[in-house]
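The values are calculated or read from the model by the stated rules, or taken from the named source; none is laboratory data. Since the model is a prediction, treat every value here as computed from it, not as a measurement. All Cβ positions, glycine included, derive from the backbone under ideal geometry; neighbour counts span all protein chains shown.
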Amino acid sequence: MFEFLSLTFMQRALLGGELIAVVAGIVGPILLFRKMSFTSVGISHGAFAGIALGILIGVSPMWAAIAFAMGIGLLIGFVSKTGKISEDATIGTFFAFFMALGIFLIDISKGYHVDVMGYLFGNLLAISSSDVYFAAIVLLITVFWYLFRGRATVYSTFDEDFSRIVGIPVDVDYYFFMLVVSLVTIIAVMFVGVVLASSIMIAPSAASKMLSKKFSNVVLFSILFGMVAVFGGIAFSFYTNIPSGPSVVFFITAIFAISLGIKWSRNFVKS
């Protein structure tokens, strides 16, 4: 039924990587336009505390990370909404605590855990079939959310007051969006690690925004740039025997640099 469950490690890496590129390309532009780029950093570092707790109590680290990430996403949203402060300010307050908590929990765990570096920096070439399966589920959830509530979320991104006036449930949409971001961040952590997850979430969107101001174009370019970076990074990693997570980020950064160069060239021509 699910043919990708029997794919080779290279095929799983490519399929899983392209899935995260698509979902990150969908939510990344909204984070960028909402000035919430730091959100994925806070959630990914919070997920590390969940991973550490899973290791400590002997349950699946990724399931613990999923629970932590979704809880942290809602916490960030709640504190920001009720405290009337920006999400980035909230994250700046909490993310170091969650990282420290993760390190503390790992330190008091018994034994040596060789997987910790993998959780921090990821390894696309080592992902399992179940990881790809979970990524596919997150893709379906993200697409479903985008089709039914994405447009309303985008409206409130650009004009929250008007959205409230016309009857859009802004606060409900906001919390649903934070849950979706949490799920997307988790699969980014699964594939490229805690430290690098924010890059694949935000950099393709930032590169796209420099090429087009139209939101739909930014989403399309963001998905395309992410997919190109994932394919190039995995191929480069495979043939050079370097870690896949950093390799993908190198390609993402290169795309960002090219987009920046194009923007500078346009500004120079206009001037």
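Specify the residue that is surrounded by the most Cβ atoms within 10 Å (Cβ to Cβ); the eligible residues are those in the stretch 79-89 that are in contact (Cβ under 8 Å) with a residue 40 or more places away in the chain and over 14 Å from Thr185 (Cβ atoms). Working first, answer last.
Step one: filter the stretch 79-89 for residues in contact (Cβ under 8 Å) with a residue 40 or more places away in the chain, giving 81, 86-88.
Retained after the next criterion (residues that are over 14 Å from Thr185 (Cβ atoms)): 81, 86, 88.
Working: Lys81: 15, Ser86: 14, Asp88: 17.
Only one residue fits best here, namely Asp88.
In the stretch 228-249, is there at least one residue being in contact with a Phe, Trp or Tyr (Cβ under 9 Å, 6 or more places away or on another chain), of a type outside the set (Val, Ile, Thr) and under 18 Å from Val181 (Cβ atoms)?
Scanning the stretch 228-249 turns up no residue that is in contact with a Phe, Trp or Tyr (Cβ under 9 Å, 6 or more places away or on another chain), of a type outside the set (Val, Ile, Thr) and under 18 Å from Val181 (Cβ atoms).
Taking Ser259 as the residue in question, decide whether it is in a helix (DSSP H, G or I), buried (at least 18 other Cβ atoms within 10 Å of the Cβ) and not β-branched (Val, Ile, Thr). Step through it out loud before you land on a result.
Values: in a helix (DSSP H, G or I): yes; buried (at least 18 other Cβ atoms within 10 Å of the Cβ): yes; not β-branched (Val, Ile, Thr): yes.
So Ser259 fits the description; yes.
Only one of these conditions is not met by Phe238: (1) touching a residue at least 40 places away in the same chain (Cβ under 8 Å); (2) touching a helix residue (DSSP H, G or I) at 6+ places or on another chain (Cβ under 6 Å). Which number is it?
Going through (1) touching a residue at least 40 places away in the same chain (Cβ under 8 Å); (2) touching a helix residue (DSSP H, G or I) at 6+ places or on another chain (Cβ under 6 Å) one by one, Phe238 breaks only (2).
Output the number of the condition that Gly28 fails; it satisfies all remaining conditions of (1) at pLDDT 85 or above; (2) over 10 Å from the mean Cα position of the chain (by Cα).
The number of the failed condition is (2).
Report yes if some residue within the stretch 235-242 is within 20 Å of Ala135 (Cα to Cα) and buried (at least 22 other Cβ atoms within 10 Å of the Cβ); otherwise report no.
no
Checking Thr253 against (1) buried (at least 22 other Cβ atoms within 10 Å of the Cβ); (2) at pLDDT 90 or above; (3) of a type in the set (Val, Ile, Thr): exactly one of these is not met. Which one?
Every listed condition holds for Thr253 apart from (1).
Name the one entry in Gly71, Gly50, Gly54 that is surrounded by fewer than 17 Cβ atoms within 10 Å (Cβ to Cβ), modelled with pLDDT of 75 or more, small (Gly, Ala, Ser) and in contact with a helix residue (DSSP H, G or I) (Cβ under 9 Å, 6 or more places away or on another chain).
Numbers: Gly50 fails: surrounded by fewer than 17 Cβ atoms within 10 Å (Cβ to Cβ); Gly54 fails: surrounded by fewer than 17 Cβ atoms within 10 Å (Cβ to Cβ).
Answer to the selection: Gly71.
Got a sec? Which helices (runs of 4 or more DSSP H) wholly within the stretch 90-173 have at least 2 residues that are surrounded by 13 or more Cβ atoms within 10 Å (Cβ to Cβ) and modelled with pLDDT of 80 or more?
Numbers: elements: 116-121, 129-145, 151-158, 160-165.
So the answer is 129-145, 151-158, 160-165.
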